[in-house]
Amino acid sequence: MTFPIEAIVFLFLLATALAVTHLRDLFAAAMVFGVFSLLSAGLFTLMDAVDVAFTEAAVGAGISTVLILSTLALTDPREHQQPVRFAPVAVVLLVGAALVYGTLDMPYYGDPTAPIHKHVAPEYIEGAMTDFGIPNIVTNVLASYRGYDTLGETTVVLTATVGVMLLLGGLGGARHRGDAEVVEAAGDEEPTPMDRVQVARVSTTVLAPLIMLFGLYVQFHGDFGPGGGFQAGVIFASALILHGIVFGLSSLKRVVSPRFLEIGLAAGVLIYAGTGVASLFRDGTFLDYAVLDHHSAQHGRHLGILLVEAGVGITVTCAMVLIFFFFAGRRAAKSEEPGDRDRRVA
Amino acid sequence: MSTFGLWHYWVVIVLMMIGLYTVIARDNLVKKVMGLNLFQVSVIMFYVSMGKVEGGTAPIIPEQASGPVVYSNPLPHVLMLTAIVVGIATTAMALSLVVRIRETYGTTEEDEIRKLDRAEHE
């Protein structure tokens with residue numbers, strides 16, 4: 001019975017969430033937030049959602065902590081003192097009470113007769129072996145049954161990254177330069193402080209290729225075990241970001257140039273949508289992979305899912321590394337031109 | 001079990017309340033983004049917990065199974081998995097807005113930003 005384990009992890013989860021809210025030192029809050037993500041990944045595993053846990057561990061404990069820390073490096077690491085306000089507390093309690101009231105009609109946790117399990121889910125579980133021959137049901141649903149959704153989500157990742165590039169790249173702090181030059185300027189930085197820490201240097205040199213290898217495994221083994229394009233993309237990106245943190249942006253730029261990443265970002269979505277268009281040309285419907293192979297519908301679906309997952313992986317990798325580039329590159333641009341605060345106040 | 005069978009959902013609701021409080025009550029913009037993330041995790045956890053089936057296992061079909069296997073519902077897993085990755089992309093977007101606000105106003109505290117705005121209007 002998992003009850004005590006779940007209860008204990010939930011307890012820790014609430015404690016870390018409260019700590020994140022309470023801590024004034026935002027650096028500390030960011031680190032606790034990483035712990036929070038790791039704990040929630042553990043809980044997802046207990047709830048049988050291994051793929052979700054995988055993603056949360058890589059995204060929440062890895063990339064999001066890096067992003068928050070690099071934001072703090074560009075802003076203020078401390079939050080101002082501020083009294084507890086009662087109006088928000090009242091609103092929050094009201095919303096909470098309404099939601100608890102709402103759950104009273106819900107089927108109990110783990111109830112196999114709940115309506116959610118009666119709709120399309122049995123069909124998906126049934127079809128995994130007969131239609132696809134792919135054991136990981138989550139991959140089937142992600143890439144095929146719900147292929148439209150996933151295409152949309154991948155496009156959102158692309159769009160958000162473009163948004164970050166527009167916000168941190170072109171205008172503002174580096175008004176006189178284009179995107180490429182901002183990142184270019186970042187390369188001229190001094191070597192990072194981490195560069196002088198031998199433990200970090202040696203362990204990164206050893207770990208980065210292994211992480212990449214693991215990323216590839218997650219990408220291609222996603223049909224059989226937990227994993228897939230989203231997780232693999234994030235893991236692959238985390239290896240590159242680790243390299244960037246320790247050896248500096250200029251070194252990372254020699255590994256992958258921002259230009260290359262920009263192309264990859266768009267190419268991934270293009271591969272995904274292109275697979276859909278290819279099935280259209282073979283007299284199928286959009287994203288119906290069965291027609292991709294003349295002889296066997298199952299082989300066609302295998303191929304389709306492989307291509308689509310590859311597209312997702314490429315886009316997510318490029319998106320994460322690009323976002324890191326723009327956050328970390330901002331500092332170099334900023335140090336040259338003081339903020340326009342004075343101008344604004346005057 | 002009676003109503004006790006719903007405690008998972010209630011814990012998730014408490015988590016959501018912490019996130020919501022952070023978003024609406026705190027002035028610091030980075031803290032607000034963290035609050036949004038807490039909120040997001042709680043929503044994701046709510047969906048995933050609805051997909052759990054008692055005695056079920058992860059929705060991956062084993063190579064050889066002795067007898068019928070009960071799988072937890074894969075559909076919420078799929079929807080939430082993509083939501084996490086989209087979430088980090090939108091968080092990055094929010095954080096870059098915070099960076100730009102800091103560069104323009106010199107602060108990330110909402111009350112100070114309002115004060116600066118008011119001063120400019122007068």
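Find the lysine pairs in the protein assembly as shown meeting two conditions, Cα atoms under 20 Å apart and a separation of 8 or more places or different chains, and report how many there are.
4
So how far, in whole Å, is the C-alpha centre of the range B:1-46 from the one of the range A:10-40?
So the separation of the two Cα centres works out to 12 Å.
Could you work out how far the C-alpha centroid of the range A:197-231 sits from that of the range A:236-314, in angstrom?
Their Cα centres are 17 Å away from one another.
So how tilted is helix B:74-105 from the main axis of chain B? Cα-based, degrees 0 to 90, rounded to 10.
Computed tilt is about 10 degrees.
Taking amide H positions as placed 1.01 Å from N in the peptide plane, with prolines and chain starts having none, which residues 5 or more places from residue B:71, or on another chain, fall under 5 Å of its amide H?
Sorted by chain and number, the residues that satisfy this are B:57.
Determine the calculated [θ] at 222 nm for chain A from helices alone, applying -39500 (n - 2.57) to every DSSP H run no shorter than 4 residues and normalising by the residue count; nearest 500 deg cm²/dmol.
-22500 deg cm²/dmol
Once amide H atoms are built 1.01 Å from N in the peptide plane, which residues 5 or more positions from residue B:28, or in another chain, come under 5 Å H to H?
B:110
What are the residues whose amide H is under 5 Å from the amide H of residue A:222, where those residues sit 5 or more places off or on another chain and H is modelled from the backbone?
Those qualifying (amide H under 5 Å, at least 5 residues apart or on another chain) are A:228.
Contour minus end-to-end for residue A:46 and residue A:126, with contour as 0.36 nm per residue of separation and end-to-end as the Cα-Cα distance?
Numbers: separation 80, 0.36 × 80 = 28.80 nm, distance 2.33 nm.
Taking residue A:46 through residue A:126 to full extension adds about 26.5 nm, to one decimal.
Apply the Karplus curve 6.51 cos²θ - 1.76 cosθ + 1.60, θ = phi - 60°, to the phi angles in the range A:284-301 and return the couplings in whole Hz, x for Gly and Pro.
Rounded to whole hertz, the list is x, 8, 4, 6, 9, 6, 4, 7, 6, 10, 5, 8, 9, 4, 5, 5, x, 5.
Answer with one residue from B:104, B:86, B:73: the one whose Cα lies farthest towards the positive end of the charge dipole of chain B, charges on Cβ with Lys, Arg +1 and Asp, Glu -1.
Among B:104, B:86, B:73, the one farthest towards the positive end of the dipole of chain B is B:73.
Based on a Kirkwood Rh over C-alpha pairs, give the Stokes-Einstein translational diffusion coefficient of the range A:116-173 at 37 °C and viscosity 0.692 mPa s in µm²/s. Before the final figure, lay out each step's value.
Details: Rh = 13.8 Å.
In µm²/s, the coefficient is 238.
With each run of n ≥ 4 DSSP H residues scored as -39500 (n - 2.57), what mean residue ellipticity at 222 nm is computed for chain B after dividing by its residue count and rounding to the nearest 500 deg cm²/dmol?
-24500 deg cm²/dmol
Determine ³J(HN,Hα), in whole Hz, for all residues of the range A:4-17 in sequence, where each value follows from phi through the Karplus function 6.51 cos²θ - 1.76 cosθ + 1.60 and θ = phi - 60°; x replaces Gly and Pro.
Per residue, the Karplus-derived 3J(HN,Hα) values read x, 4, 4, 4, 5, 5, 4, 4, 4, 4, 5, 4, 5, 4 Hz.
Kindly identify the range A:1-117 as rounded, prolate or oblate by the Cα gyration tensor criterion: order the square roots of the eigenvalues as a ≥ b ≥ c, call it rounded if a/c is under 1.5, otherwise compare a/b with b/c, prolate if a/b is larger, else oblate. Let's see the in-between values first.
Working: a/c = 2.49, a/b = 1.35, b/c = 1.84.
Oblate, since a/c reaches 1.5 and b/c is not below a/b.
Highest GNM mean-square fluctuation, chain A, Cα pairs closer than 10 Å: which of A:111, A:131, A:149?
Among A:111, A:131, A:149, the largest GNM mean-square fluctuation belongs to A:111.
Treating the Cα atoms of the protein assembly as shown as identical point scatterers in vacuum, please give the log10 of the normalised Debye intensity I(q)/I(0) at q = 0.09 Å⁻¹, two decimals.
-0.64
Using only Cα atoms, locate the centre of the range A:54-72 and the centre of the range B:68-122, then give the distance between them in Å, rounded to an integer.
13 Å
Using the Karplus curve 6.51 cos²θ - 1.76 cosθ + 1.60 with θ = phi - 60°, work out ³J(HN,Hα) for each residue of the range A:219-235 in order, rounded to whole Hz, and write x for Gly and Pro.
4, 8, 8, x, 6, 10, x, x, x, x, x, 5, 5, 4, x, 5, 5
With springs only between Cα atoms under 10 Å, which of A:16, A:75, A:315 fluctuates most in a Gaussian network model of chain A?
Answer for the Gaussian network model of chain A: A:75.
No value in this document is a laboratory result; all are computed from the given coordinates. Just so we're clear, the structure is a prediction, and the values are computed from it rather than from any experiment. All Cβ positions, even for glycine, are placed from backbone atoms using ideal geometry, and neighbour counts span all protein chains on display.
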